[in-house]
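Presented below is the structure to which this report refers.
The values are calculated or read from the model by the stated rules, or taken from the named source; none is laboratory data. These figures come from a predicted structure and were not determined experimentally. So basically every Cβ, Gly included, is an ideal-geometry build from the backbone, and we count neighbours across all protein chains shown.
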C-alpha cells in the first residue's frame, strides 16, 4: 500500500480498506454531519464503508451517532435525517463527474461500432451500459468483449449503470450516450473505483435519486480546499487513522 492510497477504518464495521473505497464524513462548524465523498473538507473526518440499508439501520439504532462521537471527540453531533440520501446523491455526482473528466481527456468513447471494434481487438478495459440500453445491444457488445479477451463462454459483461442515457449524455457533454468504452487502463481504473463506491452504497435495489443531482455542483463539504487532517496526523489514538503500508 502506498502513501497515495492510505488505509482507513470504517467506524461502523471496523473493516479496513483503501480510502477510495470508503466514504468520508465531515463535521460542519454547526455540528452537522455532511458527506465529503471527495475527501477535501478541512478538519477531522470519519469513514464508513457500509451500504445505504446498513447506514439507515445504524442511524435508526443510534449506532452511527455513537461511532461519530467517538471518532470526532467533540461536542454535540447532529446526524441529518436525509444523510443517506445526501451520500447517495454525492456518490452519483462524483461518479458521473469522473466519467465527464475522462471524456474530456479523451480516455473514454461512446458509440456501438467504435466500442465493438475496440472490444474485438482486445483493447477494451471497461464497458458500461445505460440503464435503458437495449438488451440486444448490450449482448452484442458483451460478446465482442469476451471474444477480444479470449473468454467466450464466460460471464464477462459490461456494467449496467443505474442511470439512463439522458443522464450519461449530460455527464459526458454528448448526445445519446447508450454505451461507454474505455481503452486506457488507468482511466478504466479511476472510473471503476468511483462506480464501485457508488454502486456498493446503493446496493442491488437503489432508491430513486432526482436526476438533477447528477449535474449539480459539489456542496461546500465536497469541494473545500482545506487539508484532510486524517492524512496528515499520525495519531495512534485516532481510530480512524491507519498508517500507510
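Kindly indicate whether residue 55 is touching a residue at least 40 places away in the same chain (Cβ under 8 Å), in a helix (DSSP H, G or I) and either surrounded by fewer than 20 Cβ atoms within 10 Å (Cβ to Cβ) or in contact with a helix residue (DSSP H, G or I) (Cβ under 6 Å, 6 or more places away or on another chain) (or both).
yes
Going residue by residue through the stretch 59-80, is there one that turns out to be farther than 17 Å from residue 27 by Cβ and surrounded by 18 or more Cβ atoms within 10 Å (Cβ to Cβ)?
no
Please work out which one of (1) at pLDDT below 95; (2) within 22 Å of residue 197 (Cβ to Cβ) is the condition residue 82 fails and give its number.
For residue 82, the failing item is (1).
Mind checking which residues of the stretch 58-89 are touching a helix residue (DSSP H, G or I) at 6+ places or on another chain (Cβ under 6 Å) and part of a loop (DSSP other than H, G, I, E, B)?
77, 79
Within the bounds of the stretch 30-46, is there any residue that is under 18 Å from residue 203 (Cα atoms), at pLDDT 95 or above and assigned to a loop (DSSP other than H, G, I, E, B)?
Yes, because at least one residue in the stretch 30-46 is under 18 Å from residue 203 (Cα atoms), at pLDDT 95 or above and assigned to a loop (DSSP other than H, G, I, E, B).
Please indicate, with yes or no, whether at least one residue in the stretch 119-138 is touching a helix residue (DSSP H, G or I) at 6+ places or on another chain (Cβ under 9 Å), touching a residue at least 60 places away in the same chain (Cβ under 8 Å) and assigned to a helix (DSSP H, G or I).
Yes, the conditions are met somewhere in the stretch 119-138.
Against the condition in a helix (DSSP H, G or I), crowded, with 16+ Cβ neighbours inside 10 Å and touching a helix residue (DSSP H, G or I) at 6+ places or on another chain (Cβ under 9 Å), how does residue 26 come out, does it pass?
Spelling it out, it is not the case that residue 26 is in a helix (DSSP H, G or I), crowded, with 16+ Cβ neighbours inside 10 Å and touching a helix residue (DSSP H, G or I) at 6+ places or on another chain (Cβ under 9 Å).
Return yes or no: is residue 116 farther than 23 Å from residue 199 by Cα and without any contact (Cβ under 8 Å) to a residue 12 or more places away in the chain?
Details: farther than 23 Å from residue 199 by Cα: yes; without any contact (Cβ under 8 Å) to a residue 12 or more places away in the chain: no.
Answer is no for this residue.
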